[in-house]
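Below is one structure, written out as structure tokens, with a few remarks after it.
The values are calculated or read from the model by the stated rules, or taken from the named source; none is laboratory data. No experiment lies behind these values; they were computed from the predicted model shown. So basically every Cβ, Gly included, is an ideal-geometry build from the backbone, and we count neighbours across all protein chains shown. Quick note on the areas: whole protein, heavy atoms, side chains included, nothing else; ligands and nucleic acids left out. Shrake-Rupley method; radii C 1.70, N 1.55, O 1.52, S 1.80 Å.
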Amino acid sequence: FVQPGESHIEYAVLSYGKTSYQTKNEYEKLYQQKRKKNPPLSYNKAGEPYQLSTEILRATLLTNAVYPIYKHGENIIHHTPGKRWDCLYTWDSGFIGLGMLEWAPRFADYSLNTYLSDESNPDYAFLHHGSPVPVQMYLYLEMLKRAKNKEALLSIYPKLKLYYDFLAGKIRKSTTAKFKSGLTTTYDYFYSSSGMDDYPAQVAMMNRSLRDTAAPVISTSQVIRCAKILYMTAKKTGREEDARTYLADIDRLTKALNRYSWDKESGYYGYVLHTAQYEPSGELLRTKDGENLNKGLDGIYPIIAGVCDESQKQAILSHLKNEKEMLSPYGISAVDQSASYFAVNGYWNGNIWFPHQWFIWKTMLDLGESDFAFEIAKRALNVWKREVDASYYTFEMVNVVTGRGGWFHKFGGLSTPIGIWADAYYKPGVFTSGFDTWVDDLCFSGENQRMTATITGFTPGKKCTLLAVMNENKDYRAFLDEKEIPIFSRFPGEIEICWSVPDTEPHKLIIEKK
């Protein structure tokens, strides 16, 4: 019992192996020693309003650890989206890894390796539970971009290739490539291909018993984007035969998506229906009135894969930026708000979630849509700040109409993009690029008053956005291959560069104080 006005501290002891319980003073000493390794977040002045809400997310993420979890013959410590779910989650854990990369990189490495496998393991090509969205591929890419010495990460490339080959339907009797249209599906392995449980197209597909013969858009799109990630890695490590294979896969899957899935009338891609023999039927999944049932996040995924032509890209951008369709005051809706099947009382349908918005944000950097990229981050950070500062709860999502946080209140998984966005715009010493840019030799020095990096673009002719956060007390200039280039700042310390990719050769980027 604590008297009013008295302070009260409780220590939670997480033990691995034999534990020797200690005194209160000893626990306090241990706590203070560990706390020094995780100092408070430090943002430039423009980011200070987001510090508390992001600190609370960091604390939640780092303490959502459970033990034991049984994995392939051993008990492991595992970071879970929330402690009511003490089990493995493939796509949630990918985002947990991305969050850990911001705040505790050793756990990002642990998370990545937990979900990978190798040829010597006959049981699985990757650790799968839940929606098979391969976020580990993106975690791998982000870790590669930040690593000063990439040797250890590049050595596990075969594990990522194994993961990819299964998703692409190439190995171990994988059924993902069973359709003769060339499209892929993961519905043989889990009821949700995207993590969006009550997504309208998916719900209708299940209700109509079409799970075996319907191809969602995200599965093929993710295989394409993963092929592009591994293509860059293969090129950088001299694996030319692998690189040629990825290019062939990208070309084949791109043609399949645009031939069978694009719905010009709605401006979205649709679920493609097949016959019992897996031949494409020529039809998309629609409502009884003929409306494309995929007007939502799954229907825009080819822009994330980078396979849209100009007219398709503009159609999708118009949906994403339209506040009567995909864009709400609090972020991008999972479902087009103008669709007949849009709801305001569902789980994903009628709510704003952060993970797929992270994919869109990174894509906007690839497309040079820097203002819209910032708008995505700003709306998310603002609503998160409002809800978390008031409640100290870390929510799964916010409602598309009210912006109120909802569902599990100590969630640290799919909400980690909040921390990534805060760091990308406000934390000195952070450099960010889209999916299509490879980064070598990244270095911040002189109290974050100088940054150097070697950047390689793999899509010549594309205009992309690069972000860097520097010490806010100086003015800056930038050089690309020793030639001064324009920069843009939204607030002191934040630097944006529009880079027109000239070729696939490495280029030296320097940002320094004037």
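Structure values in brief
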{"quantity": "Charge sum, other residues only, whose C-beta stays under 14 Å from ARG84's C-beta, Lys/Arg counted +1 and Asp/Glu -1", "calculated": "-1"}
{"quantity": "Net charge of neighbours whose Cβ lies under 15 Å from the Cβ of GLU310, counting Lys and Arg as +1 and Asp and Glu as -1", "calculated": "+1"}
{"quantity": "Spacing of the two label points (7 Å from each Cα toward its C-beta) at LYS313 and LEU154, in nm", "calculated": "3.0"}
{"quantity": "Contour minus Cα-Cα distance for GLU447 and LYS37 (0.36 nm per residue)", "calculated": "145.7 nm"}
{"quantity": "Most to least accessible of LYS45, LYS378 (protein chains only, probe 1.4 Å)", "calculated": "LYS45, LYS378"}
{"quantity": "Computed E for GLU240/SER120 - FRET, C-beta separation, R0 25 angstrom, nearest 0.05", "calculated": "0.50"}
{"quantity": "Cα centroid separation, the range 173-240 to the range 375-443 (Å)", "calculated": "26"}
{"quantity": "Sites GLU323 and VAL66 - FRET efficiency at Förster radius 45 Å, r taken between beta-carbons, to 0.05", "calculated": "0.65"}
{"quantity": "Cross-link pairs LYS288/LYS313; LYS321/LYS474; LYS161/LYS378; LYS150/LYS427 - those with Cα-Cα distance over 31 Å", "calculated": "LYS321/LYS474; LYS161/LYS378"}
{"quantity": "Cα shape, the range 411-514, gyration tensor, a/c 1.5 rule", "calculated": "oblate"}
{"quantity": "For the chain: rounded, prolate or oblate by the Cα gyration tensor [a/c cutoff 1.5]", "calculated": "rounded"}
{"quantity": "Over the range 384-468, relative contact order from alpha-carbon pairs under 8 Å, at least 6 apart, %", "calculated": "21"}
{"quantity": "Relative contact order [Cα under 8 Å, 6+ residues apart], the range 53-188, whole percent", "calculated": "16"}
{"quantity": "Percent carbon-and-sulfur accessible area, the chain, ignoring ligands, DNA and RNA, probe 1.4 Å", "calculated": "51"}
{"quantity": "Label-point separation, GLU74 to LYS483 (7 Å along Cα→Cβ), nm", "calculated": "5.2"}
{"quantity": "The range 185-225 residues near the modelled TYR278 label - backbone nitrogen below 16 Å, point 7 Å along Cα→Cβ", "calculated": "185-190, 211-216, 220"}
{"quantity": "Residues of the chain: accessible area per residue with a 1.4 Å probe, Å²", "calculated": "43"}
{"quantity": "Partners for LYS180 among lysines (Cα-Cα distance below 20 Å; same-chain residues under 8 apart left out)", "calculated": "LYS170, LYS255"}
{"quantity": "Residue order for ARG35, ARG225, ARG379 - accessible surface, 1.4 angstrom probe, largest first", "calculated": "ARG35, ARG379, ARG225"}
{"quantity": "Sequence of GLU28, GLU484 when ordered by accessible area, the most exposed leading, probe 1.4 angstrom", "calculated": "GLU484, GLU28"}
{"quantity": "Separation in nanometres of the label points that stand 7 Å from Cα toward Cβ, at TYR393 and THR459", "calculated": "3.9"}
{"quantity": "Structure-based [θ]222 nm, the chain - -39500 (n - 2.57) summed over DSSP H runs of at least 4, per residue, nearest 500", "calculated": "-11500 deg cm²/dmol"}
{"quantity": "Contact order relative to length of the chain, as percent, for alpha carbon pairs under 8 angstrom and 6 or more apart", "calculated": "14"}
